[in-house]
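Accompanying notes for the structure given below.
The values are calculated or read from the model by the stated rules, or taken from the named source; none is laboratory data. Just so it is clear, the structure is predicted and the values come from calculations on it, not from any experiment. All Cβ positions, glycine included, derive from the backbone under ideal geometry; neighbour counts span all protein chains shown. Remember, those area values only see protein heavy atoms, side chains included, never the ligands or the DNA or RNA. Shrake-Rupley method; radii C 1.70, N 1.55, O 1.52, S 1.80 Å.
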Amino acid sequence: MYKEVNEIFKYGVGVLNMKLMAYERLGLGRSTVIKLVTCSPLLLEGEINNAFVGILEKLKALGFSSHWIGGYISSKNTYNWNRILDTLCFLEEVGYSDEEMGALLRKDTALLFEGSGKQVYVVVGALLKLGLKMYEVYGLVLKNPQILSPKSAKNFWKALHFLFEIGMETENIAQILSSHIEILGSHSLKGPKTVLRKFSGDKHSLCETIKKDPSAFFNLAFKLKSCNAEYVAARNPNNFVEKIDFLMRIGYVENSEDMVKALKRFRGRGDQLQERFDCLVGAGLDFNEVSSMVKQAPTVLNQTKDILERKIECLRNYLGYPVESIVSFPTYLCYDMERISARLSMYAWLREKGAAKPMLSVSTLVASSDVRFVKYFVNIHPEGPEVWENFKKMFTLEE
């Protein structure tokens, strides 16, 4: 921070706090402001950053709350606010309605915050260089918004380089990429040398094969494993692609062993998994924290949004614990409501009676065996057994 904006260390008393408060007046919480200036110290230089203000205004117009941005930025990254604002403006120019833009950003936040929208420049720039008109680019992006995600843009870029490297003419590359942009953005390609082995190194023969039948190229060049093919065959292909897209957005590597295992463990369509993931971010957790949590305990996302919200509310209402208290113990969200409600209620009762320590960990309360819980949280008070039985009956009936 000192190297980037040493000016802020020369501010007089109260100046730095005044600058922080200026961002808070935009509707941001102090924790979000601290995260913002940590990853982007230039926000504290000079007057309030106009590009950042423009981003917040556009997000609000799309239905996002001021604190939404705090759930998806990371203090480990840096951000180019001018480029992010340009990305939002580009999406408007493409022709998306406010509702469509909002849905797009909720589904794929990486589009804005990973690389600060750099992939938009990469894809649009490449298509224009291939000879497409801007209105044609707008049409492609409007129909295939997923191509702007970081992973899809990377795959698209690799496909472009592949075709150039084997010597294909520019107009043919433009035709293939624009006609098959969705599938090329969804899969990684093998290297040209690997594919050329099947053509004895003859680039002209490979080019002709691709021009005559692009699907033959896909079969030859895509890094598809047999297990992936089995999944595609067994499920709706669109659902399968959505699920893979979701897993890549939260950090899984395409075609990796971890990805294969995750496909087996995460249940639901890609949009359903995204809704449940966003529910946890909306509850106040950081995007990276939620990603780490669901990798540790994938079954967290196998529950409905309603159930996840109820479990978080139990934590807050019964104990007054912040949602961050389950980051190190994500399996809390995997226990059934009856167990959670009864045990947290019992502990809250004990605290009121002064018979329990005030801030025990969630794992201690929920994960301990029934025998251990009764020993340390029921029998330690004369009225404990009766109160415990009442709580169990109450929440059994509710379930």
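Tabulated data for the structure shown
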quantity	calculated
Condition check for Ser215: over 17 Å from Val241 (Cβ atoms), open to solvent by 30 Å² or more (accessible area, probe 1.4 Å), part of a helix (DSSP H, G or I) and not charged (D, E, K, R)	no
In the range 300-329, the residues that are out of contact with any helix residue (DSSP H, G or I) (no Cβ under 7 Å at 6 or more places or on another chain), among the hydroxyl-bearing types (Ser, Thr, Tyr) and over 12 Å from Phe277 (Cα atoms)	Ser328
Meets criteria (open to solvent by 20 Å² or more (accessible area, probe 1.4 Å), of a type in the set (D, E, K, R) and in contact with an Asp or Glu (Cβ under 9 Å, 6 or more places away or on another chain)) for Lys305	yes
Criterion violated by Thr299 - all others in (1) over 24 Å from Gly63 (Cβ atoms); (2) of a type in the set (Val, Ile, Thr); (3) modelled with pLDDT of 90 or more satisfied	(3)
Cross-chain or 6+ apart pairs with Cβ under 6 Å, the range 18-40 first and closer than 15 Å to Ser65 by Cα and in a helix (DSSP H, G or I), then aromatic (Phe, Trp, Tyr) and modelled with pLDDT of 80 or more	Val33/Tyr23
Every residue from the range 45-66 that is farther than 13 Å from Arg106 by Cα and among the hydroxyl-bearing types (Ser, Thr, Tyr)	Ser66
Pairs where the first residue, in the range 239-261, is open to solvent by 30 Å² or more (accessible area, probe 1.4 Å) and modelled with pLDDT under 75 and the second is of a type in the set (S, T, N, Q) and outside any helix (DSSP H, G or I), C-beta under 6 Å, 6+ apart	none
Filter pass, Ser75 being surrounded by 15 or more Cβ atoms within 10 Å (Cβ to Cβ), out of contact with any Phe, Trp or Tyr (no Cβ under 6 Å at 6 or more places or on another chain) and not aliphatic (A, V, I, L, M)	no
Condition broken by Glu208, with the remaining ones in (1) in contact (Cβ under 8 Å) with a residue 12 or more places away in the chain; (2) surrounded by 13 or more Cβ atoms within 10 Å (Cβ to Cβ); (3) farther than 25 Å from Tyr96 by Cβ satisfied	(1)
Out of Glu114, Glu99, Glu93, sole residue that is modelled with pLDDT of 80 or more, open to solvent by 20 Å² or more (accessible area, probe 1.4 Å), in contact with a helix residue (DSSP H, G or I) (Cβ under 8 Å, 6 or more places away or on another chain) and not β-branched (Val, Ile, Thr)	Glu93
Filter pass, Glu289 being closer than 26 Å to Ser31 by Cα and free of Cβ contacts under 8 Å to residues at least 40 places away in the same chain	yes
Leading residue by the ranking (nearest to Phe395 (Cα to Cα)) among those in the range 317-331 that are surrounded by 15 or more Cβ atoms within 10 Å (Cβ to Cβ) and over 21 Å from the mean Cα position of the chain (by Cα)	Tyr318
Residue in the range 144-151 that is within 30 Å of Met168 (Cα to Cα) and in contact with a Pro (Cβ under 7 Å, 6 or more places away or on another chain) present	no
Matching residues in the range 148-200 - criterion: being at pLDDT 85 or above, within 26 Å of the chain's Cα centre (by Cα) and open to solvent by 40 Å² or more (accessible area, probe 1.4 Å)	Lys154, Trp157, Lys158
Search result, residues across the range 183-203 that are aliphatic (A, V, I, L, M) and in contact with a Phe, Trp or Tyr (Cβ under 7 Å, 6 or more places away or on another chain)	Ile183, Leu184, Leu189
Test: residue in the range 287-301 that is over 26 Å from Asn77 (Cβ atoms) and either touching a Leu at 6+ places or on another chain (Cβ under 6 Å) or of a type outside the set (A, V, I, L, M) (or both)	yes
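Listed here are the residues, each with its yes/no results for (1) closer than 27 Å to Ser291 by Cβ; (2) loosely packed, with under 14 Cβ neighbours inside 10 Å; (3) small (Gly, Ala, Ser).
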| site | (1), (2), (3) |
| --- | --- |
| Ile48 | no, yes, no |
| Glu57 | no, yes, no |
| Lys107 | yes, no, no |
| Ala126 | no, no, yes |
| Tyr138 | no, no, no |
